[in-house]
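Colleague: Take this structure first; my questions come after.
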Amino acid sequence: MDIRIKRVSPVSGVSLAERGRRAVVEQAPQLELFAGRVSAKLRTAFLRLYEARRRLATIGVAVFTVWLFLHVMLGANGMVIYRQKRAEYVNLQNEIDSLQNENKRYTDQIQALKTDPKAIEKEAREQLHYTRPGEIVYVPLPPVQAPDTRSAKK
């Protein structure tokens, strides 16, 4: 489709502005047809889009839901990381409890060694092998390791 304005020879006595207006008036029916076709195509495209709006909205919601699920499960602060951190927290809490129990035992043992003569005597007998008169102490020998009889293969 040709929308160009045709040149009019400058010989005629009509002004340039008048010639431009005449050219536009001559081209007006063609422009109206072109505009009608474009608007009809746009109207059909918009009608199809309007009819598909429910599908597009459903697809959009589904995509958003999948993205949100992946973000919640696998994101930087997602459920996978949360469970790992929770397990680490439980392990550390158990370790703290066991160390506190061990610390309490040592504290009780220190207190007993400071005040209780029976505890002092028990430690002296066990670690320093002290005895009362007339007692015999039996000390077990350390286990003997058998020499390695395997020879190196060449």
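The values are calculated or read from the model by the stated rules, or taken from the named source; none is laboratory data. A quick note: this is a predicted structure, and the numbers were derived from the prediction, not measured. Every residue, glycine as well, gets a Cβ built from its backbone with ideal geometry; the counts of neighbours run over all protein chains shown.
Conditions tested, residue by residue: (1) surrounded by 11 or more Cβ atoms within 10 Å (Cβ to Cβ); (2) over 46 Å from the mean Cα position of the chain (by Cα); (3) at pLDDT 95 or above; (4) of a type in the set (S, T, N, Q).
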position: Arg19; (1), (2), (3), (4): yes, yes, no, no
position: Leu31; (1), (2), (3), (4): yes, yes, no, no
position: Ala35; (1), (2), (3), (4): no, yes, no, no
position: Tyr50; (1), (2), (3), (4): no, no, no, no
position: Arg54; (1), (2), (3), (4): no, no, no, no
position: Val61; (1), (2), (3), (4): no, no, yes, no
position: Leu74; (1), (2), (3), (4): yes, no, no, no
position: Asn77; (1), (2), (3), (4): no, no, no, yes
position: Arg83; (1), (2), (3), (4): no, no, no, no
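Colleague: I'd like to know if the range 49-57 contains one or more residues that are part of a loop (DSSP other than H, G, I, E, B), on the phi < 0 side of the Ramachandran plot and not acidic (Asp, Glu).
Modeller: yes
Colleague: Return only the number of the condition from (1) loosely packed, with under 10 Cβ neighbours inside 10 Å; (2) part of a helix (DSSP H, G or I); (3) modelled with pLDDT under 90 that Pro147 does not satisfy.
Modeller: Only one criterion in (1) loosely packed, with under 10 Cβ neighbours inside 10 Å; (2) part of a helix (DSSP H, G or I); (3) modelled with pLDDT under 90 is unmet by Pro147, namely (2).
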